[in-house]
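Structure first, commentary second.
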Amino acid sequence: MSTKLHIHKLAEDGAFLAHLNAKYEKLPPAEIIADALAQEWFPRPVVVTSFGAEAVVLLHMTSRAKADIPVIFIDTGKLFGETLRYRDRLQHVLGLEDVRTVGPRLSEIEQYDPMGLLNQESPEMCCNIRKTKVLARALTPFDSWINGRKRFQNNSRGSLRIIEFEQERMKLTPLANWSAQDLKDYAIKNALPLHPLVKQGYPSIGCFPCTSKVTHEDDARSGRWPGKSKTECGIHE
Ligand code: SF4
């Protein structure tokens, strides 16, 4: 039986994922990551990051667990210059060996967003060509991925599961349980550099046309797509 088929069969068994989630709810994130990376049901793993406000914590943990783990970074063409420079800095500081910067296809930008204003007319379509499709292509060589979402970030993330099977891949969300304070404490303890825009009032950082300072203190992602009903870019189901 192929590895992919084996994982599919395991994940189809709801008890398998339920047992794992129950186990991981009791473990700190670094132990969750180490445990998953050692399992045969978590093959060909990759980390997906935005190099955003709290990305350094996940990148530090995963690179300590597996120094050469590949990292996918989507450059939408609409990012803050600070984010691109922060990627370069973290690559150096953390010793990230395999950062893969990927972006939208020029043919799709020319067809759907020739003026670069699609984010105003249809943010859904803009995210689709600049993020969702890009990630789908970039994930092709991998069977498992790790992401940095947290439950505290907003209501729609409140019920995140730590391990799930999504679109034929295992997906690990090891920081799901952590609070903003946990992340700060970890960054301070490990002397990790923060994204420069955090100090300027941006606790969540994406593309510059769709990111502003927080509008609700209790919602870290309230500065994303302000004034619109959109709360997620669509790369997570
Ligand atoms: S966050 Fe905004 S600019 Fe970035 S891809 Fe989505 S709609 Fe486009």
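The set of residues in segment 36-57 being within 24 Å of GLN181 (Cα to Cα), at pLDDT 95 or above and open to solvent by 10 Å² or more (accessible area, probe 1.4 Å) consists of VAL48, THR49, SER50, ALA55.
Selection of segment 59-95 for residues being in contact with a helix residue (DSSP H, G or I) (Cβ under 8 Å, 6 or more places away or on another chain), within 24 Å of LYS189 (Cβ to Cβ) and open to solvent by less than 30 Å² (accessible area, probe 1.4 Å) yields LEU59, HIS60, MET61, THR62, SER63, ILE69, VAL71, LEU90, LEU94.
Every residue, every condition in (1) assigned to a loop (DSSP other than H, G, I, E, B); (2) of a type in the set (Gly, Ala, Ser), yes or no:
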site: ALA15; (1), (2): no, yes
site: LEU20; (1), (2): no, no
site: TYR24; (1), (2): no, no
site: LEU27; (1), (2): yes, no
site: PRO43; (1), (2): yes, no
site: VAL48; (1), (2): no, no
site: GLY52; (1), (2): yes, yes
site: LEU58; (1), (2): no, no
site: ASP68; (1), (2): yes, no
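A quick yes/no check of all residues on (1) within 30 Å of SER107 (Cβ to Cβ); (2) of a type in the set (D, E, K, R):
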residue	(1), (2)
THR132	yes, no
LEU135	yes, no
LEU139	yes, no
ARG157	no, yes
LEU172	no, no
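Put simply, of ARG151, ARG157 the only residue that is modelled with pLDDT under 95, more than 16 Å from the ligand (Cβ to nearest atom) and under 27 Å from GLN120 (Cα atoms) is ARG157. Somewhere in segment 152-168, is a residue under 17 Å from THR49 (Cβ atoms) and surrounded by fewer than 16 Cβ atoms within 10 Å (Cβ to Cβ)? Within segment 152-168 (the criterion being under 17 Å from THR49 (Cβ atoms) and surrounded by fewer than 16 Cβ atoms within 10 Å (Cβ to Cβ)), the answer is no, since none of the residues qualifies. Taking the criterion of being more than 16 Å from the ligand (Cβ to nearest atom) and farther than 22 Å from TRP41 by Cα, would at least one residue in segment 167-178 satisfy it? Taking every residue of segment 167-178 in turn, at least one turns out to be more than 16 Å from the ligand (Cβ to nearest atom) and farther than 22 Å from TRP41 by Cα.
The values are calculated or read from the model by the stated rules, or taken from the named source; none is laboratory data. It should be emphasised that the depicted structure is a prediction, and the values quoted were computed from it without experimental measurement. All Cβ positions, even for glycine, are placed from backbone atoms using ideal geometry, and neighbour counts span all protein chains on display. For the accessible areas, the whole protein counts, side chains as well, though only heavy atoms, and no ligand, DNA or RNA atoms are used. Shrake-Rupley method; radii C 1.70, N 1.55, O 1.52, S 1.80 Å.
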